[in-house]
Amino acid sequence: MSQNSVSVRSGTTALDVYAPGHLGQLTEIIDPELVDAVLEDTGVRQQRLRLLPARVVVYFVLALAFFERSSYQAVWAKLTAGLGSVPVARPCASSLARARRRLGSGPLRHLFSILAGPVANHRQSCAFCQGLRWSPWTAPPCPLPTRKQ
């Protein structure tokens, strides 16, 4: 079979194969229903059934961040490794790149805006100084005590 093709055994659809929870740890951290809602909010729902549904592409792009030194196909293999003997698409790198381009940055930005938030709350006084949140990437909002060696 050509390396530039996508193959899937008949009998199951992409929606069956990539049901919520089937893509491993990422679906335990980021709820598939949240991803579906983000796709709906940003208007990126697929118009037809694809071998690489938009929800799966979101998880693929998130997995790319974890495995930044791996190829697209290696990341895809890691993402779908938990499916075991379930027949799954084996897309080539260009198919994954097109799916990523089709998805765009909107859903990921929206997902980030929902999930990102302050790690410390106001009850953790060590994270605040004079009412301002301290971040290790910025200068502290007030002088920090020095520790003598």
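Need one word for region 38-102: rounded, prolate or oblate. Basis is the Cα gyration tensor (sqrt eigenvalues a ≥ b ≥ c); a/c below 1.5 gives rounded, then a/b vs b/c decides. It is prolate, given that a/c is not under 1.5 and a/b is the larger ratio. Counted residue by residue at 0.36 nm each, then reduced by the alpha carbon distance between them, the extension gain from HIS110 to ALA74 reaches 10.3 nm.
Once the chain from VAL86 to GLU40 is taken as fully extended at 0.36 nm per residue, the excess over their C-alpha distance is 13.8 nm.
Multiplying the residue separation of PHE67 and ALA127 by 0.36 nm and removing their Cα-Cα distance gives an extension gain of 18.5 nm.
No value in this document is a laboratory result; all are computed from the given coordinates. Predicted model, so just to flag it, every value in this text is computed and none were measured.
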